[in-house]
Amino acid sequence: MRHGNKRIMVVATAVLVLISGALGVALSEVVYRVYLYWNASGRFVRRAPETVGVYSRPFWVFDERFGYTYPKGERIHVASISKGRVTGCSYWSDFNEQGNIGRTVGHYGSASLKILVFGDSFTATVHNGMTWPSLLQERLMQRLGRTVHVVNFGRDGYGLLQLFDLAAAKIPEWKPDLAVIAFITNDLQRVRFWRTVTKVDGLWRYLVSPDPTANPDSLKSYDTGLYHPDATPEWCQSMKNTGRRDRVLGQVEHVFQQGVNVGERRAADLLALRHSYLAARLRHGDPFRGLPGVFTFPVIQYASYSEDRRFMESLRAVEATGVPYILAHLAFYPELKESREYITTYQEATLLKSLAGVTGKPILETRKFVGPQPEDLQDLIQSPDNYHPSPRGLLFYADVVAHMLVGTGAVR
């Protein structure tokens with residue numbers, strides 16, 4: 001009996017030692033995390049801009065074929081959040097009935113000259129309902145003395161791959177007289193991407209992924225915006241008027257902390273159970289070793305667009321329509337400032353050469369059709385940190401493309 005009691009006591013003591021050791025390790029981890037958060041809070045907290053906005057409805061709708069689509073003619077409400085409180089309620093209403101961006105003027109079917117424009121966010125930039133393609137329509141009508149209708153298929157974020165995918169679908173459908181594929185240097189190396197609203201760990205996320213799925217891996221995606229179906233206009237006004245905080249606001253802030261942009265370091269999780277900051281510090285000298293670092297998004301790695309099967313299929317589909325098209329390069333602020341048409345990496349320069357090769361088309365360049373360059377180039381951009389066109393910039397690109405089309409005889 002005594003031997004049995006001794007064995008029980010030995011086992012009990014061993015268990016207590018193990019439990020004490022585990023508690024000691026856990027307590028050490030907790031204490032170290034508190035210390036780490038106090039001294040390196042920037043790694044745990046994603047720095048928010050002064051104001052962030054949350055959409056009540058999807059601004060971009062997942063589409064397996066084209067990556068995403070814009071909602072047709074819908075008003076998207078936005079709640080502005082600053083310093084933990086709702087400070088403004090507004091809406092975005094520049095989607096037209098065709099599911100494109102910008103005001104529609106005139107009737108496509110009765111126009112004597114019909115043009116489709118495909119481009120990225122420079123083409124989708126809108127001010128007071130106007131885009132550079134809508135201003136191009138005005139310019140061409142004045143210069144040609146005939147009715148012209150320009151349809152703007154600008155899609156923010158698109159690269160040349162998706163520009164041709166969309167053109168291959170829309171040109172046969174709309175049967176224009178001419179198509180314009182307008183691109184900036186950054187579009188050369190962009191891969192196809194998909195935007196989707198999905199739930200991750202029970203919270204709504206607005207993700208961009210290189211995979212054609214509505215439910216992508218959040219660690220291989222980046223956040224393109226904030227969305228919550230309960231952030232309705234009524235909710236926004238109530239929160240703004242009362243200055244309250246609630247479940248929705250807390251969830252939106254938590255999602256912001258989990259999110260990441262391209263080129264940004266993902267915030268470390270203070271409550272992570274699968275990572276020991278103390279062990280990483282003792283083993284590697286870096287408590288954050290093994291956690292996701294700076295987020296990068298894939299880019300095209302091949303040397304020629306001919307290596308992309310879908311691109312070549314889209315190109316052949318465009319050519320099979322018999323509709324003439326032009327390739328227009330829109331030089332943007334850094335290039336214009338340095339009096340250069342292109343500022344490229346080696347890979348971008350290689351792809352640019354291949355674009356001319358596979359299409360057999362000359363690339364019409366901004367600086368050859370610009371006329372007198374504006375004295376203050378900053379008038380063409382929205383801000384020193386945002387090179388998208390200002391209202392003056394929209395006029396600039398409309399005039400450049402009008403000179404391209406008239407100067408080359410593409411339109412008469």
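So if I check each of Q382, Q347, Q378, Q373, which one is in a loop (DSSP other than H, G, I, E, B) and either touching a Pro at 6+ places or on another chain (Cβ under 9 Å) or among the polar types (S, T, N, Q) (or both)?
Q373
A count restricted to the stretch 137-158 and to residues that are in a loop (DSSP other than H, G, I, E, B) and surrounded by 17 or more Cβ atoms within 10 Å (Cβ to Cβ) stands at 4. Would you call V208 assigned to a strand (DSSP E or B) and over 20 Å from the mean Cα position of the chain (by Cα)? No; evaluated as a whole, the condition is false for this residue.
Every residue, every condition in (1) under 26 Å from Q347 (Cα atoms); (2) assigned by TED's automatic domain parsing to the domain that holds L351; (3) assigned to a helix (DSSP H, G or I), yes or no:
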position	(1), (2), (3)
L273	no, no, no
L278	no, no, yes
L282	no, no, yes
F288	no, no, no
R310	yes, yes, yes
S314	yes, yes, yes
V323	no, yes, no
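Scanning the stretch 177-192 for residues that are surrounded by 19 or more Cβ atoms within 10 Å (Cβ to Cβ) and part of a strand (DSSP E or B) yields A179, V180, I181, A182, F183, R190. For the stretch 252-278, what are the residues that are surrounded by 18 or more Cβ atoms within 10 Å (Cβ to Cβ) and touching a strand residue (DSSP E or B) at 6+ places or on another chain (Cβ under 6 Å)? Answer for the stretch 252-278, where residues must be surrounded by 18 or more Cβ atoms within 10 Å (Cβ to Cβ) and touching a strand residue (DSSP E or B) at 6+ places or on another chain (Cβ under 6 Å): V252, V255, G259, V260. Taking the listed residues L291, L327, the one that is surrounded by 13 or more Cβ atoms within 10 Å (Cβ to Cβ), closer than 26 Å to F193 by Cα, touching a strand residue (DSSP E or B) at 6+ places or on another chain (Cβ under 7 Å) and not small (G, A, S) is L327, with no other qualifying.
With respect to the conditions (1) under 26 Å from the mean Cα position of the chain (by Cα); (2) crowded, with 17+ Cβ neighbours inside 10 Å, D399 lacks only one, and its number is (1).
Of A168, A124, A182, all but one fail to be in contact (Cβ under 8 Å) with a residue 40 or more places away in the chain, within 28 Å of E341 (Cα to Cα) and in contact with a strand residue (DSSP E or B) (Cβ under 8 Å, 6 or more places away or on another chain); the exception is A182.
Only one entry in E319, E338, E375 is of a type in the set (D, E, K, R) and under 27 Å from A168 (Cβ atoms), namely E319. If the condition is being of a type outside the set (D, E, K, R), touching a helix residue (DSSP H, G or I) at 6+ places or on another chain (Cβ under 9 Å), modelled with pLDDT of 95 or more and over 15 Å from I81 (Cβ atoms), then the stretch 207-252 contributes L207, S209, P210. Do we have D201 as more than 18 Å from R155 (Cα to Cα) and at pLDDT 95 or above here? Judged against the criteria, D201 is not a match. Return the residues of the stretch 219-237 that are over 19 Å from F59 (Cβ atoms) and either among the basic types (K, R) or free of Cβ contacts under 8 Å to residues at least 24 places away in the same chain (or both); say none if nothing qualifies. Selection gives K220, E234.
Where in the stretch 42-136 are the strands (runs of 3 or more DSSP E), entirely inside, with at least 2 residues that are among the hydroxyl-bearing types (S, T, Y) and either more than 20 Å from I171 (Cα to Cα) or in contact with a helix residue (DSSP H, G or I) (Cβ under 8 Å, 6 or more places away or on another chain) (or both)?
76-82, 85-92
For the stretch 375-385, the count of residues that are closer than 21 Å to E138 by Cα, crowded, with 19+ Cβ neighbours inside 10 Å, in contact (Cβ under 8 Å) with a residue 12 or more places away in the chain and touching a helix residue (DSSP H, G or I) at 6+ places or on another chain (Cβ under 6 Å) is at least one. The criterion of being assigned to a loop (DSSP other than H, G, I, E, B), touching a His at 6+ places or on another chain (Cβ under 9 Å) and under 21 Å from R195 (Cβ atoms) does not hold for A268.
The values are calculated or read from the model by the stated rules, or taken from the named source; none is laboratory data. Computed from a predicted model, the values in this text were never measured in an experiment. Virtual Cβ from ideal backbone geometry, glycine too; neighbours counted across all protein chains shown.
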